[in-house]
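Data first, discussion second: the structure below is written as C-alpha cells.
The values are calculated or read from the model by the stated rules, or taken from the named source; none is laboratory data. On a predicted model such as this, the values are computed, not experimentally measured, just so you know. Cβ atoms come from the backbone with ideal geometry, glycine included; neighbour counts cover every protein chain shown. Just the protein is used for accessible areas: all its heavy atoms, side chains included, with ligands, DNA and RNA removed. Shrake-Rupley method; radii C 1.70, N 1.55, O 1.52, S 1.80 Å.
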Amino acid sequence: MLTMNEDLEGALKEYLRLMDEEEYFEAHEVLEGAWHPLRKADHPLKNLVKGLINGAVAFEHIKRDRQNVHDKARRVIASYERHKHLCVVGIEHEELFTQARNKIEFLKLKYKKVFTS
C-alpha cells in the first residue's frame with residue numbers, strides 16, 4: 001500500500017507530465033486525488049496542492065475558451081496566488097512543487113492577456 005507521501009509524489013510527477021501536454025483538466029484530477037487525504041489529515045501542504053489544482057483549472061478554462069474566460073480564469077488562479085508562497089525550501093517534494101509552480105508561472109506569462117486585460 002502506498003503512503004500519502006508516495007501518492008503525493010506520484011501525483012505531482014503525473015501533474016507535471018499532464019501540464020506539459022496541456023491536459024489541464026486531467027492534471028487537476030490527478031492532483032485532486034492526492035489532495036483529498038492531505039485535506040482530511042490537515043497536512044501542511046494541503047493548501048499548496050489546492051492552489052496547484054486551481055492553477056490547472058484556470059488553464060483548462062483558457063484552453064476551452066469558455067464564455068467569460070477572463071473572469072473565470074482570474075477567479076480560479078486567485079487560489080494559486082494565495083498559496084504559491086507555501087512552495088519554500090525544505091518542504092516535502094520541494095523540487096516537484098517548484099517545477100509545478102514554475103510551470104504555472106510560465107503559463108501565466110504565456111496567457112498574460114487573459115490575466116491582465
Just checking, does segment 14-21 include any residue being out of contact with any helix residue (DSSP H, G or I) (no Cβ under 8 Å at 6 or more places or on another chain) and over 17 Å from residue 101 (Cα atoms)? no
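A quick yes/no check of all residues on (1) buried (at least 19 other Cβ atoms within 10 Å of the Cβ); (2) in a helix (DSSP H, G or I); (3) at pLDDT 95 or above:
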{"residue": "19", "(1), (2), (3)": "yes, yes, yes"}
{"residue": "79", "(1), (2), (3)": "no, yes, no"}
{"residue": "88", "(1), (2), (3)": "no, no, yes"}
{"residue": "95", "(1), (2), (3)": "no, yes, yes"}
{"residue": "107", "(1), (2), (3)": "yes, yes, yes"}
{"residue": "113", "(1), (2), (3)": "no, yes, no"}
Looking at segment 26-46 only, could you name the residues that are assigned to a helix (DSSP H, G or I) and surrounded by fewer than 16 Cβ atoms within 10 Å (Cβ to Cβ)? 33, 36, 37, 39, 40
Among the residues of segment 47-70 satisfying the criterion of being open to solvent by 20 Å² or more (accessible area, probe 1.4 Å) and closer than 25 Å to residue 92 by Cα, which is farthest from the chain's Cα centre (by Cα)? 47
